[in-house]
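Read through the structure below, which is laid out as C-alpha cells, and then see the notes.
The values are calculated or read from the model by the stated rules, or taken from the named source; none is laboratory data. Predicted model, so just to flag it, every value in this text is computed and none were measured. These area figures cover heavy atoms from the full protein model, side chains too; ligands, DNA and RNA do not enter into them. Shrake-Rupley method; radii C 1.70, N 1.55, O 1.52, S 1.80 Å.
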Amino acid sequence: MSNLLLFAFDKIKAKIKDDCIEENIGASERVLSVIAGGFILGLGVKKIFKSPLTGLSGLTLGGTLIYRGVTGHCDVKKLLEDKDVKKVEVIEHRYFVK
C-alpha cells in the first residue's frame, strides 16, 4: 500500500512540476503556501456565517496561497524581484558598546 501511495505522490509531483512554466518559488515555500493556505481557507469557511467579512477574507487569502503553492508562481514576488531596488549596505557598529 505504501509503495502505491508513494507512486501516486511522485506522479502528482511530476505533473505539478511539468505544468509550472514560470516557477519563481522554491519547493519548501510552495509546500508552506499550500499548508498555510489550507489552514486559512478552513478558518474562512468556519467563520463565513458568523463574520462574513472575516470569512470572505480568509477564503480569498487561503485560496490565493493554495494557488501560489500549486502553480509555483507568485506575481507579487516577481514584481519585487524585477524592481530596480538599490542595494543597501549595512554598516556594522563595532564601537556601539562601551
Original post:
Of all accessible surface on region 19-70 at a 1.4 Å probe, what whole percent is carbon and sulfur?
Top reply: 74 percent
Original post:
Using θ = phi - 60° and the Karplus curve 6.51 cos²θ - 1.76 cosθ + 1.60, what whole-Hz ³J(HN,Hα) does each residue of region 48-63 get, with Gly and Pro shown as x?
Top reply: 4, 8, 6, 9, x, 5, 5, x, 5, 4, x, 4, 5, 5, x, x
